[in-house]
Each structure stands twice: as structure tokens, then as C-alpha cells.
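Participant: Take this structure first; my questions come after.
The values are calculated or read from the model by the stated rules, or taken from the named source; none is laboratory data. The shown structure was predicted, so the numbers you read here are calculated from the model rather than taken from an experiment. Note: ideal-geometry Cβ built from the backbone for every residue, glycine included; neighbour counts use all protein chains shown. Heads up: the accessible areas ignore ligands, DNA and RNA and are worked out on the full protein's heavy atoms, side chains in. Shrake-Rupley method; radii C 1.70, N 1.55, O 1.52, S 1.80 Å.
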Amino acid sequence: MSDQARVAIVTGAAQGIGKAIAVKLAQEGNNIVVSDINEKKAAETAEELKQTGVQALVVKGDVSKAEDAAMLIKKTVETFGTVDYLINNAGITRDNLIIRMSEQEWDMVLNINLKGVFLCSQQAVRVMMKKRFGRIVNIASVSGILGTAGQANYASSKAGVMALTKTFAREFGARNINVNAIAPGYIITEMTDQLPENVKEEYLAQIPLKRGGTPEDIANVVSFLISPASSYITGTTIHVNGGMVM
Ligand code: NAP
């Protein structure tokens, strides 16, 4: 690829939505940093990305750890010289009814889903501010709007991500750093594979488009949010849910 290729970091890029985002952005000619806690799978994804002709760097890390977030940006800059796009996609669920939810389940989900977005973005904007360009896309969830039963931790983390998106957008807009979120609905990935069949059927019944989303449905919107076509959009959440919530 040319020296002008932009550099995109995708967290949680080893599989699912993150991998689809990495593939899409690689197909568009961006060099990709594949960040994930699962190094083996991340390396497999990186090999696939290289087939498109771009460079792909694997950085193993846990987004909830400040030292890992700092290392992610450091290694990216050492390898590619800069960061143009940060896609905060890494996320987990640890579902339980409130009455049974442990402090550990609460902390783990908030730390990875919300604090992780804060830590990685805080590091990335240091680089983006200097060059007065950057695009950050945070993957939230429809649960952050609905407050899904059984997901007090997850729904709170994703509502937090949408609020954090607005704060980053306000603080860094003057530096030409646009920060937006995407709230996916029911997307078919390894994460939702674990759901009981009756829950999947319940979701489908609520979706006017009558299908679960694909990871590519989300990747397409990320592509738009980092493109010049969306340069006047910041601080917003785009809902990609087949009409599940209107
Ligand atoms: P997924 O298939 O579970 O993939 C998530 C990836 O992130 C996995 O490779 C996972 O590694 C990695 N990861 C987990 N904890 C991490 C950490 N602390 N640091 C770095 N990487 C970590 O999930 P997905 O369905 O693609 O979801 C991606 C994002 O979309 C998440 O933020 C999720 O909340 C959001 N989302 C998904 C849906 C849906 O229907 N699938 C709907 C709304 C929002 P391990 O597998 O080793 O844990």
C-alpha cells in the first residue's frame, strides 16, 4: 500500500464485529492494528488482512488496563508513525439478574466496556491532537438505550459509552477529532451465539427487518463514520438494529 495509507486501530478485532471492521477498513486501503486479548486469533485475523495488500500489526492487550492502552498507541506509532482512526470495539457480557449479579461481574464489564474506551481514547487523542485530525468510533449497544433485563452491567456500560462519546466530541472537536458511536441491535456473532434459542426468537420478533444483523452491517457504518462523507457528524450515536428500537 502507499505511504499515504491511513492507520486504523480496532480493539477486539480477533473475531466478530471487530474482525469485520478490520477487514472492511483493510479493503479500503488502511493499515490496521489488530488489538485483542486473544493473541492467537488476532494473529490469524492479521494474516487475513495482509492478503488485501495492507500492513497489519498485532498488539495483544487488555483495554481495561492503562498500561496496555498506552502500549497499544506506543507500538502503533513506532510501527506506522501515527494513528488516524480508533475503533473501540472490544466488549464483553456477563449477564445476570440484578439480585444475583456479583460485584466482580459488574466491575469486569464496566472496566472493559467503558473504562477501556476511556483509556484507549485518552491515549489516541494525544497523537490526534498534535496533527489536528482523528476519527474515533465507539461500539455501544441497543442495551444502553433499552436497559435490557439481565444486563444491568452491560446496559450501564453501553449507556456510559454513549455519554463518553459526547464528552470526547465536545472536548476534541476544535482539533478536528470527530467522535461518534454505533449502537448495534442483535448482531450474529460468537457473543450472541451463546444466547438461548428462545431469547434469539424474542429478539427476531421485535425486528421489523426480520433478521439478525451481520458484522458487516456494522463495519459499513464504521467505514462511513471515518470517511470524509461524515466530516460534519460528531457526538452522535447511529442505531443499526433493523428497526428494533425507533
Ligand atoms: P465477540 O465476538 O465476543 O468479540 C469481542 C472480541 O473482543 C473478542 O476477540 C474478545 O476476546 C475481545 N476482548 C474481550 N475482552 C477484551 C479486553 N479486555 N481487551 C481486548 N479485547 C478483548 O463480540 P462481538 O459480538 O463481535 O461484539 C463486539 C462489540 O459489539 C462489543 O463491544 C459488543 O458489546 C458490541 N455489540 C455486539 C452486539 C451483538 O449482537 N453481537 C450487539 C450490540 C453491541 P475473547 O473472545 O478472548 O474474550
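Participant: Is it the case that the range 48-65 has a residue that's at pLDDT 95 or above and within 24 Å of Y186 (Cα to Cα)?
Facilitator: Yes, the range 48-65 contains a residue that is at pLDDT 95 or above and within 24 Å of Y186 (Cα to Cα).
Participant: Inspect all residues belonging to the range 129-136 and state whether any of them is assigned to a helix (DSSP H, G or I) and open to solvent by less than 20 Å² (accessible area, probe 1.4 Å).
Facilitator: No: zero hits.
Participant: For the range 174-231, please list each of the helices (runs of 4 or more DSSP H) lying entirely inside it that holds at least 3 residues being within 20 Å of A124 (Cβ to Cβ).
Facilitator: Qualifying helices (runs of 4 or more DSSP H): 215-226.
Participant: Also: Evaluate the following for N88: is it closer than 26 Å to G160 by Cβ, in contact with a strand residue (DSSP E or B) (Cβ under 9 Å, 6 or more places away or on another chain) and surrounded by fewer than 16 Cβ atoms within 10 Å (Cβ to Cβ)?
Facilitator: no
Participant: Which residues, taken from the range 133-170, are under 28 Å from P228 (Cβ atoms), in contact (Cβ under 8 Å) with a residue 24 or more places away in the chain and more than 15 Å from the ligand (Cβ to nearest atom)?
Facilitator: F133, G134, R135, K166, F168, A169, R170 - these are the residues of the range 133-170 that are under 28 Å from P228 (Cβ atoms), in contact (Cβ under 8 Å) with a residue 24 or more places away in the chain and more than 15 Å from the ligand (Cβ to nearest atom).
Participant: OK, next. From the list T192, T165, pick out the single residue that is under 18 Å from A90 (Cβ atoms) and modelled with pLDDT under 95.
Facilitator: It is T192.
Participant: V117 fails exactly one of the following numbered conditions: (1) open to solvent by 10 Å² or more (accessible area, probe 1.4 Å); (2) within 16 Å of the chain's Cα centre (by Cα); (3) within 26 Å of G173 (Cα to Cα). What is the number of that condition?
Facilitator: (1)
Participant: Tell me, which residue of the range 90-109 that is out of contact with any Phe, Trp or Tyr (no Cβ under 9 Å at 6 or more places or on another chain) and aliphatic (A, V, I, L, M) is nearest to the ligand (Cβ to nearest atom)?
Facilitator: Top of the filtered list is A90.
Participant: Pull out all pairs, ordered by first then second residue, where Cβ-Cβ is under 8 Å, the residues are six or more apart or on different chains, the first lies in the range 185-209 and is more than 15 Å from V142 (Cα to Cα) and of a type in the set (S, T, Y), and the second is open to solvent by 50 Å² or more (accessible area, probe 1.4 Å) and within 7 Å of the ligand (Cβ to nearest atom).
Facilitator: Sorted first by the residue in the range 185-209, then by its partner, the pairs are T189/Q15.
Participant: Of all residues being among the aliphatic types (A, V, I, L, M) and closer than 17 Å to G243 by Cβ in the range 182-216, which is most open to solvent (accessible area, probe 1.4 Å)? Just the residue, please.
Facilitator: Taking the candidates together, the pick is L209.
Participant: Conditions: (1) in a helix (DSSP H, G or I); (2) open to solvent by 10 Å² or more (accessible area, probe 1.4 Å); (3) in contact with a helix residue (DSSP H, G or I) (Cβ under 7 Å, 6 or more places away or on another chain). T148 meets all but one. Number of the miss?
Facilitator: With respect to (1) in a helix (DSSP H, G or I); (2) open to solvent by 10 Å² or more (accessible area, probe 1.4 Å); (3) in contact with a helix residue (DSSP H, G or I) (Cβ under 7 Å, 6 or more places away or on another chain), T148 is out only on (1).
Participant: Give the number of residues within the range 92-125 that are touching a residue at least 40 places away in the same chain (Cβ under 8 Å) and either at positive phi or of a type in the set (S, T, N, Q) (or both).
Facilitator: Residues flagged as touching a residue at least 40 places away in the same chain (Cβ under 8 Å) and either at positive phi or of a type in the set (S, T, N, Q) (or both) within the range 92-125 amount to 7.
Participant: Among the residues of the range 218-246, write down those that are open to solvent by 50 Å² or more (accessible area, probe 1.4 Å), within 21 Å of A20 (Cβ to Cβ) and among the small types (G, A, S).
Facilitator: If the condition is that a residue be open to solvent by 50 Å² or more (accessible area, probe 1.4 Å), within 21 Å of A20 (Cβ to Cβ) and among the small types (G, A, S), then A229 is the only one that fits.
Participant: Could you give me the residue pairs with C-beta distances under 9 Å whose first residue belongs to the range 56-80 and is closer than 16 Å to N113 by Cβ and touching a residue at least 12 places away in the same chain (Cβ under 8 Å), whose second residue is open to solvent by 20 Å² or more (accessible area, probe 1.4 Å) and aromatic (F, W, Y) wherever it lies, and which are 6+ apart or on separate chains?
Facilitator: Hits for this filter: A69/F118.
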